[in-house]
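Presented below is the structure to which this report refers.
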Amino acid sequence: MKKTLSLLLGPLLLQIAVASGNEAPEDFKSRHLAIGLSRSSPSFSRLAIDSLGQGKLGQNPVLAQTNALAGLELKEAFAYCLKGQPVWKVTCAEKTLTLISEYAEGVAPVPFALAFDQKKNHATAPEVHVEAEVGPVCWVMDKVSNPIYGI
């Protein structure tokens, strides 16, 4: 009996350890959105959306970005800055998420990467409104292929 119990608990504990290791911190949470921002590149570390507002925000389909941007700072009010100038601002409310590209003199445009694991993502791409194209946005839809550029 003891051997059977230990064999059953081993995989369960491994799954719990793996699950807790993949958790990304939340910078903003409402009943509709859970958002975590990467500290090393303009990107999400967590993005969970519940369009019905039932607070079902457990899944995180975001793929972690490994390309750190030297000199990047994430300041209060969710502003990514380079050379002391904001290059991206992220605003969040109960039902809305807005990415704003800022012009920074002497700083090359920096993409905001959106990378999703298609095996964890069970929805279509969100509707995107672009008022002015200042900086590039890169949509990466899976680990291997299918990049979509040009917002």
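The values are calculated or read from the model by the stated rules, or taken from the named source; none is laboratory data. Bear in mind that the values here come from a model prediction, so they are computed numbers and not experimental data. Quick reminder, even Gly has a Cβ in these numbers, built from the backbone with ideal geometry, and neighbours come from all protein chains shown.
Set side by side, the residues 70, 34 differ, and just one is assigned to a strand (DSSP E or B), more than 19 Å from residue 101 (Cβ to Cβ) and either in contact with a Phe, Trp or Tyr (Cβ under 9 Å, 6 or more places away or on another chain) or modelled with pLDDT of 90 or more (or both), which is 34. With respect to the conditions (1) buried (at least 18 other Cβ atoms within 10 Å of the Cβ); (2) outside any strand (DSSP E or B), residue 53 lacks only one, and its number is (1).
For the range 73-110, how many residues meet the condition of being in a loop (DSSP other than H, G, I, E, B) and within 25 Å of residue 51 (Cα to Cα)?
The qualifying residues number 6.
With respect to the stated conditions, residue 114 fails to be outside any loop (DSSP other than H, G, I, E, B), at pLDDT 90 or above, under 24 Å from residue 50 (Cβ atoms) and not polar (S, T, N, Q).
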